[in-house]
Amino acid sequence: MNELNPSPKFIARGRFAPSPTGEMHLGNARTALLAWLQIRELGGQFVLRLEDLDFGRVRPGSADLILQDLAWLGLDWDEGWDIAGKFGPYRQTERLAHYKAAAAKLETYPCTCTRTEVLLSASARHTEHEVRYPGTCSSGVTHPERPSALRLRVPDKTITFWDLVKGKVSQNVHDSLGDLVIQRNDGVWAYQLVCAVDDLEMQISHVLRGDDLLSSTARQILLIDLLGGIAPIYAHVPLMTDYRGERLAKRGGAPSIKALRDGGANPNEIVRDLALSLGWNVTQSSQPKDLIGLFSRWLEGQQNHLG
Ligand code: GLU
């Protein structure tokens with residue numbers, strides 16, 4: 001052991017964190033495959049975490065189906081909501097005490113603004129997709145008759161990180177979004193908080209996920225930082241698109257893994273097709289383990305484009 005490398009053996013830990021809102025499609029499977037390959041190439045541990053807090057969107061049976069789909073594709077995991085582990089529980093609905101304890105460590109205030117009020121507020125600055133919260137409730141004057149959300153007092157600082165696929169990313173969350181909701185006014189903990197808490201507490205070292213979540217990352221790093229942790233290494237991978245270049249979505253009728261499975265598809269051919277969709281030179285039907293090594297080569301190629 002030396003000062004620069006205090007850990008005699010570093011164990012990489014990655015995760016796949018689906019929301020059980022319906023059947024997985026090929027795009028979800030491709031992201032899971034990439035996250036699995038990244039960790040298996042590093043000889044690390046792969047964790048499955050169920051992001052099942054949003055009760056309005058959760059579909060019964062979907063969590064079991066995800067496990068069946070992943071296993072059918074030939075992916076395995078070391079910890080998950082079906083296997084007990086040191087960092088469990090792995091279902092977010094069973095981790096509420098963790099979120100409460102984390103929120104208690106943060107500087108927060110109750111907020112009773114409605115969405116419309118925030119949108120209409122003259123001082124709210126609009127960015128492309130999001131609205132900056134103008135801090136209406138930050139002085140402590142709220143509408144006591146309304147249910148309240150919990151907002152984080154966001155410090156004015158720029159978060160910069162290096163994404164393995166996208167390169168350097170910087171965001172000043174204070175300037176672009178303002179104070180963040182970490183608990184909705186219906187009591188549900190916000191995705192940004194729970195993701196940060198879980199990645200931190202589950203000792204995740206590598207987060208690989210779809211690039212639709214790139215814009216969430218600075219917020220999560222900020223939260224991890226405020227909780228006294230060190231953020232993982234991120235890789236935001238392209239979402240799979242159809243022949244029109246549109247992103248595969250459950251709503252858009254992308255075939256689900258279950259439908260392919262029920263229709264008698266060969267999982268090794270699906271794995272090969274997923275690899276082909278990434279431009280990998282794979283001609284034969286393959287198990288995920290046959291692709292080990294191709295991931296880091298692909299990542300190098302992605303990084304070469306960063307300039
Ligand atoms: N639960 C999120 C989703 O299914 C993924 C969250 C994450 O990977 O950070 O889109």
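The set of residues in region 14-37 being over 14 Å from the mean Cα position of the chain (by Cα) and either part of a loop (DSSP other than H, G, I, E, B) or near the ligand (Cβ under 10 Å from one of its atoms) (or both) consists of T21, G22, E23, M24. I204 meets all of the listed conditions (1) in contact with a Lys or Arg (Cβ under 6 Å, 6 or more places away or on another chain); (2) more than 16 Å from the ligand (Cβ to nearest atom); (3) modelled with pLDDT of 95 or more but one, namely (2). Scan region 131-158 for residues that are exposed (fewer than 15 other Cβ atoms within 10 Å of the Cβ) and in contact with a Ser or Thr (Cβ under 9 Å, 6 or more places away or on another chain) and jot them down. Within region 131-158, H143, P144, E145, R146, P147, T158 qualify.
When you scan region 91-182 for helices (runs of 4 or more DSSP H) that lie fully inside it, which ones turn up with 1 or more residues that are modelled with pLDDT of 95 or more, more than 30 Å from P60 (Cα to Cα) and of a type outside the set (A, V, I, L, M, F, W, C)? Before you say what the answer is, go through the steps one by one.
Working: elements: 96-104, 115-120, 173-176.
Helices (runs of 4 or more DSSP H) meeting the threshold: 173-176.
Applying a threshold of 9 Å to beta carbon distances and a minimum spacing of six or more residues, or different chains, the list of pairs starting in region 216-233 at a residue that is part of a helix (DSSP H, G or I) and ending at one that is of a type in the set (D, E) and more than 12 Å from the ligand (Cβ to nearest atom) reads T217/D163; L226/E107.
Of everything in region 216-244, what is among the charged types (D, E, K, R) and surrounded by fewer than 22 Cβ atoms within 10 Å (Cβ to Cβ)? Give them in sequence order. Before you say what the answer is, go through the steps one by one.
Taking region 216-244 as the starting set, the residues that turn out to be among the charged types (D, E, K, R) are 219, 225, 242, 244.
Correct list: D225, D242, R244.
Screening V197 on (1) crowded, with 21+ Cβ neighbours inside 10 Å; (2) touching a residue at least 12 places away in the same chain (Cβ under 8 Å); (3) under 19 Å from C113 (Cβ atoms) shows it passes everything except condition (3). Selection of region 26-75 for residues being in contact (Cβ under 8 Å) with a residue 60 or more places away in the chain and at positive phi yields only G74. Return the residue satisfying two criteria in turn: it lies in region 200-215 and is touching a residue at least 60 places away in the same chain (Cβ under 8 Å) and among the charged types (D, E, K, R), and of such residues it is surrounded by the fewest Cβ atoms within 10 Å (Cβ to Cβ). Selected residue: E201. Q192 meets each of the listed conditions (1) modelled with pLDDT under 95; (2) crowded, with 19+ Cβ neighbours inside 10 Å; (3) under 19 Å from the mean Cα position of the chain (by Cα) apart from (1). Count of region 172-194 residues, restricted to those that are touching a residue at least 60 places away in the same chain (Cβ under 8 Å) and within 16 Å of the ligand (Cβ to nearest atom), is 6.
The condition of being more than 15 Å from the ligand (Cβ to nearest atom) and modelled with pLDDT of 95 or more holds for only one of D225, D198, that being D225.
The values are calculated or read from the model by the stated rules, or taken from the named source; none is laboratory data. What you are looking at is a predicted structure, and each value in this text was computed from that prediction instead of being measured. Counting neighbours? That spans all protein chains shown, and the Cβs are built from the backbone with ideal geometry, glycine included.
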